[in-house]
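Derivation of every value follows stated rules applied to the coordinates shown; laboratory data play no part. What you are looking at is a predicted structure, and each value in this text was computed from that prediction instead of being measured. Don't worry about glycine lacking a Cβ; one is built from the backbone with ideal geometry, like all the others, and counts go over all protein chains shown.
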Amino acid sequence: MNKAELIDAVAKSTKNSKVNVEEILNALMAAIQASLVKDDNVQLIGFGTFAVEQRAARIGRNPATGKELKIPAKKVAKFKVGSKLKDAVAGVKAKKK
């Protein structure tokens, strides 16, 4: 599913216009990005957690020449799947409380 298909699906299920849904989706993505830029996690209970992790510098190899090269340290965005999403994908029924 791409962004346009997601917008269509949400618009249909919420009976909102595609324009409104696209604005909301863009705002959601911008808020998540802004939070990650500030090194803050975004936790959506049951769905998952967006977080920033530091990747250490390391030595890699150019696959074409075999020559070693330095790969610098950098920050990367990570997503950890929440329990409800994990169970839904695995086909496990939700536990009743």
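Tabulated results
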quantity	calculated
Charge context of residue 8, other residues only, Cβ under 14 angstrom, K/R +1, D/E -1	+2
Net +/- balance of residues flanking residue 48 in space, Cβ distance below 12 Å, scoring K and R +1, D and E -1	+4
Per-selection Rg to Rh, the stretch 41-97 - Cα, Kirkwood hydrodynamic radius	1.28
Correct choice for mean projected area of the Cα convex hull in nm² that was computed from the model, options [x] 5.1; [y] 10.3; [z] 8.2	[y]
Whole-Hz couplings from phi, Karplus 6.51/-1.76/1.60, listed for the stretch 8-23; x for Gly and Pro	4, 5, 5, 4, 5, 6, 9, 6, 9, 6, 4, 5, 5, 5, 5, 4
Length-normalised contact order for the chain - Cα pairs under 8 Å, 6+ apart - percent	19 percent
Percent of C-alpha pairs per 5 Å bin, the stretch 1-40, short to long	5, 26, 24, 18, 12, 10, 4, 0
Computed helical MRE - 222 nm, the chain, DSSP H runs ≥ 4 contributing -39500 (n - 2.57), nearest 500	-13000 deg cm²/dmol
